[in-house]
Amino acid sequence: MANVNTDTLLENNKRYASGEQVHNPVHPGEQPINPAKHVAVVACMDARLDVEDLLGLETGDAHIIRNAGGVITDDAIRCLIISHHLLNTNEIILIHHTRCGMLAFTDDLLKAGLEGDPAAEELLGQATGRKFTSCNHSSSTPAQFHAFRGPLEALDAPCNEQQTERLSWDVRRSISRVMNHPWIPTEGPDASTVRGFIYDVDTGKLEEVSYPGPMGTFG
Ligand SMILES: [Zn+2]
């Protein structure tokens, strides 16, 4: 499977982490619609990640799909299908990161807080350092917030072994969802490659997550 652009971007990341500027922010003039590097990135929306900078991507190089957690949601799948089949990308890069906010709550806790449970309100207030104000209404949407599996930790807690493990679980779940989707070919002549990484917000470095492997335990 062709993977050459992903490897080049990983080399760019090493230069970025060592303090070099690898992204040129100047408008390049007219460009084709298809991403020049044939790459699609799915990354967390965290303010500390600048995907173009950390991969040394230029304007026109890649599709960048972002949401809370860099989770492979229905909408991320929709984007990846369009990216590959209509706009000729064939290398998928998934990026989670250390200190992610998705490690610090559960879907049930956030829903209970939004619906008015005082205990949940207090816990969420303590976790975020911001007064959590309930909306006192229930809603069927969003059906899921996709908080990461595993024991809760404080918001923005420094990375340790357990955090790395929890992040790795979710990167593997994301890889699995992409690789097993019937409309995203990862074998055969039209295959895309899929690789997953944890970005360290303190050092600027990407670490690859092995796949397959554990995807989490309950509790
Ligand atoms: Zn995040």
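Just so you know, all these numbers are worked out from the coordinates, no wet-lab data involved. Remember, predicted model here, so these are calculated numbers, not experimental data. Because the Cβ atoms are built from the backbone with ideal geometry, glycine has one as well, and the counts that use them run over all protein chains shown.
By the Kirkwood approach, averaging reciprocal distances over each pair of separate Cα atoms, the chain gets a hydrodynamic radius of 18.5 Å.
Taking a point 7 Å from the Cα of Ala47 along the Cα-to-Cβ direction, the residues of the range 98-114 with backbone N closer than 20 Å to it are 98-105. Listed values for the range 176-185 are Karplus-derived 3J(HN,Hα) couplings in whole Hz (6.51 cos²θ - 1.76 cosθ + 1.60, θ = phi - 60°), namely 4, 4, 6, 5, 9, 6, x, 9, 10, x, and x replaces Gly and Pro. Could you pull out every residue, at least 5 positions away or on a different chain, whose amide H is within less than 5 Å of the one on Ser192? Hs are placed 1.01 Å off N in the peptide plane, and Pro or chain starts have none. Those qualifying (amide H under 5 Å, at least 5 residues apart or on another chain) are Thr186, Glu187. The relative contact order of the range 127-219 comes to 29 percent, based on Cα pairs under 8 Å that sit 6 or more residues apart. Look at Tyr211, Tyr199, Tyr16 and count the other Cβ atoms within 10 Å of each Cβ; fewest to most, that gives Tyr211, Tyr16, Tyr199.
For the pair the range 20-82 and the range 85-101, the centres of their Cα atoms are 8 angstrom apart. For the range 161-168, backbone phi angles converted through the Karplus equation (6.51, -1.76, 1.60; θ = phi - 60°) give residue-by-residue couplings of 4, 5, 5, 4, 5, 5, 5, 4 Hz, Gly and Pro being listed as x.
The packing ranking of peptides 96-107, 48-59, 173-184, highest mean first, is 96-107, 48-59, 173-184, where packing means the average number of other beta carbon atoms within 10 angstrom of each residue.
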